[in-house]
1. When the residues of the stretch A:41-57 are narrowed to those that are touching a Lys or Arg at 6+ places or on another chain (Cβ under 8 Å) and either in a strand (DSSP E or B) or β-branched (Val, Ile, Thr) (or both), which ends up surrounded by the most Cβ atoms within 10 Å (Cβ to Cβ)?
2. Determine which member of the set B:144, B:172, B:125 is in contact (Cβ under 8 Å) with a residue 60 or more places away in the chain and more than 10 Å from DNA strand D (Cβ to nearest atom).
3. Among the residues of the stretch B:128-141, how many are under 16 Å from the mean Cα position of the chain (by Cα) and away from chain A (no Cβ under 12 Å)?
4. Does residue A:60 meet the test of being at pLDDT 95 or above and either buried (at least 17 other Cβ atoms within 10 Å of the Cβ) or out of contact with any strand residue (DSSP E or B) (no Cβ under 7 Å at 6 or more places or on another chain) (or both)?
5. Before we move on, is residue B:211 within 14 Å of DNA strand D (Cβ to nearest atom), of a type outside the set (Asp, Glu) and either part of a helix (DSSP H, G or I) or over 19 Å from the mean Cα position of the chain (by Cα) (or both)?
6. Please go through the stretch B:49-75 and give me each residue that is in contact (Cβ under 8 Å) with a residue 40 or more places away in the chain and at the interface with chain A (Cβ under 10 Å from one of its Cβ atoms), ordered by number.
7. Show the residue pairs that are 6+ apart or on different chains and have beta-carbon atoms under 8 Å apart, the first residue being within the stretch B:24-41 and at pLDDT below 85 and within 16 Å of DNA strand D (Cβ to nearest atom), the second being assigned to a strand (DSSP E or B) and among the aromatic types (Phe, Trp, Tyr).
Protein chains: 2
Amino acid sequence: MIAPVTSEEIKAIGRARGEVRYYRPHATLYYEGDPGSDLFTLFSGWAFSFQMLRDGRRQILRFMLPGDVIGVQPDLVGPMDHGVETVTDASACVFRRDALRELLAHDPELSWQLVWLLAHDQALLREHLTGIGRRHVTERLGCLLLEIYHRMARRDMAEGTSCPFPLTQTHLADALGLASAHVSRLLRRLREDGYVTIKSGWLHLHDLDGLTEISQFDDRTLTRRPML
Amino acid sequence: MIAPVTSEEIKAIGRARGEVRYYRPHATLYYEGDPGSDLFTLFSGWAFSFQMLRDGRRQILRFMLPGDVIGVQPDLVGPMDHGVETVTDASACVFRRDALRELLAHDPELSWQLVWLLAHDQALLREHLTGIGRRHVTERLGCLLLEIYHRMARRDMAEGTSCPFPLTQTHLADALGLASAHVSRLLRRLREDGYVTIKSGWLHLHDLDGLTEISQFDDRTLTRRPML
DNA sequence: CGCTTTTTTGAGCTGCCTCAAGCGTGGTGG
DNA sequence: CCACCACGCTTGAGGCAGCTCAAAAAAGCG
């Protein structure tokens, strides 16, 4: 999947001047415990961040779409508290951590943007947390699909009310805190009720407003666009 | 409750030079939708941040203990995506948002620290998210109690394996994504099994190691101390 | 000491899980 | 080009964890 990028992204990438790396699906950008990995801008493809528990349970924290910045989140010194893995073929622009620190010291505007970016990530995490903690599962799933659709639309990567959607139901389940069997049932119901179909790698929202309504979806975090 | 503060906190507060405000329990520092509130350093007392759904369901995102910084998280321009409310009597040092922006421009070191702080908050959120999404409820509760205990201990506000604990079971329930009746049952079991008692505003951990074990508690996020 | 808030406990229910088997599909190699 | 394999999806059956509703006991608080 080759992704167009917006002018903001190109600007950010230019600033970074890192090399570009290419990944296969299911590849690891960095793993939990990694002692200080690099930073990335996802150039094309999808990825996600996650944490594991000892017995293999996995929680997906966030899906990364083209243009997203990866690896700023963690403690900037010290090991990563989460891993990042690709979903599809992907390419990412790398730049070194120490370079960041230097950049920040010389460019207050950049540090402001970095703060903005972190704050934005936090907002997504908060929304996700509230969803898992307090939403009914159907709402939860609906919100996730809508969030992804809107994020894709902002990047001009949607066509009408459809967009590419390479995630498996297992991804969804691990993001939503559910069993994948249950996600299948939920999707069936959404399909039968005429809201959504997922087919050959595309998400189709047949009734965007209806889904927004039944999901109690609130795009408070999405109306504000990332600057970087 | 009057709280001692560590030297780091005093330094941070000095830098901010804001006025100090005093709050009663159950008071609002800012509310969801607040168009750009101020920033705070919690000086004494406990508070928490939360989001509400339309039908009244509440998710507690994070508990704030003395010394914690409040309100940096959100989008630094634009309305707050969450509210903050006190649990106990509390006092907080305020400083204005625009002052922050100016400070950042002139002090790269400070912006570095701010980034650190945001990253640390994110780590807490991630841990919380994984807990709610993928942990069994007993583990979840255990982890929350341990997290709070450790955070208190770091502030020298614990005595042995006990610490002040002003939260109600409803607070715990809303943080963990549970019903409060169920929290009561879980706590009874932890008490009967000799792990924990909560009594007259204090948390007593009778078997810290045991609880850490059965909760699969991992203090990866806590071993790194906040610098600000 | 009376009132409010919190905690405890019970009974019954249901939403989501687990386990498991069958099906569809795309990719690979003969 | 076809056969096979692997992986993801679907669907069923049965179980239990955690919910709701409710009411009583206990613990602050003025």
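1. A:49
2. Every option except B:125 fails the conditions.
3. Within the stretch B:128-141, residues that are under 16 Å from the mean Cα position of the chain (by Cα) and away from chain A (no Cβ under 12 Å) number 1.
4. Working: at pLDDT 95 or above: yes; either buried (at least 17 other Cβ atoms within 10 Å of the Cβ) or out of contact with any strand residue (DSSP E or B) (no Cβ under 7 Å at 6 or more places or on another chain) (or both): yes.
In short, yes.
5. Spelling it out, it is not the case that residue B:211 is within 14 Å of DNA strand D (Cβ to nearest atom), of a type outside the set (Asp, Glu) and either part of a helix (DSSP H, G or I) or over 19 Å from the mean Cα position of the chain (by Cα) (or both).
6. Within the stretch B:49-75, B:50, B:58, B:59, B:60, B:61, B:62, B:72, B:73 meet the criteria.
7. Final answer for the pair search is none.
Yes or no, residue by residue, for (1) surrounded by fewer than 18 Cβ atoms within 10 Å (Cβ to Cβ); (2) away from DNA strand C (no atom under 16 Å from the Cβ):
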{"residue": "A:111", "(1), (2)": "no, yes"}
{"residue": "A:159", "(1), (2)": "yes, yes"}
{"residue": "A:171", "(1), (2)": "no, no"}
{"residue": "A:194", "(1), (2)": "yes, yes"}
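The values are calculated or read from the model by the stated rules, or taken from the named source; none is laboratory data. As the structure is a computational prediction, the values presented were derived from the model and not from experiment. All Cβ positions, glycine included, derive from the backbone under ideal geometry; neighbour counts span all protein chains shown.
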